[in-house]
1. Among the numbered criteria (1) within 32 Å of the chain's Cα centre (by Cα); (2) modelled with pLDDT of 90 or more, which one does ASP50 miss?
2. May I ask you to say which residue of GLY100, GLY91 is within 30 Å of LYS116 (Cβ to Cβ), of a type in the set (Gly, Ala, Ser) and modelled with pLDDT under 90?
3. Can you pull out every residue in the range 20-31 that is out of contact with any strand residue (DSSP E or B) (no Cβ under 8 Å at 6 or more places or on another chain) and modelled with pLDDT of 90 or more?
Amino acid sequence: MEIAIYIVGDTMVYCSRCGKELSPGAYFCSNCGTRTEAGVQANVSYPGIDDLKQAFNRAGDEMEKAFSVVGQELKEAFRTSSHNIKDAYYGEPITCTQCGEKNPRDSSYCRKCGKKL
């Protein structure tokens with residue numbers, strides 16, 4: 001942010017950015033829009049700056065909410081994927097009809113009693 005500084009010479013005041021003659025007490029240069037020293041001293045902000053600040057704050061709040069939702073959805077997706085991968089790889093165990101032992105899906109014989117599954 002630049003500040004137009006009064007350059008006084010023969011009672012004429014000029015913008016330090018563009019060189020345009022300024023009216024005494026002007027808050028902004030009428031040519032380039034740079035805030036003058038008088039504008040700084042009067043604590044005059046650029047038009048719309050407060051609206052812009054509020055818009056950025058609202059956007060930040062909305063982004064924070066969105067990232068939170070995305071984070072929860074990713075967490076659930078990983079949990080579901082992990083479960084699906086385990087089911088696909090291991091599948092449902094085979095229960096032995098003789099002893100009740102749960103054996104890995106690809107078993108042909110019970111690992112506890114040796115009965116053919």
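The values are calculated or read from the model by the stated rules, or taken from the named source; none is laboratory data. Quantities reported herein were computed from a predicted structural model and do not represent experimental measurements. Every residue, glycine among them, receives a Cβ derived from its backbone with ideal geometry; neighbour counts consider all protein chains shown.
1. For ASP50, the failing item is (2).
2. Numbers: GLY100 fails: modelled with pLDDT under 90.
Residue meeting the stated conditions: GLY91.
3. Taking the range 20-31 and keeping what is out of contact with any strand residue (DSSP E or B) (no Cβ under 8 Å at 6 or more places or on another chain), we get 25, 31.
The answer is ASN31, and nothing else.
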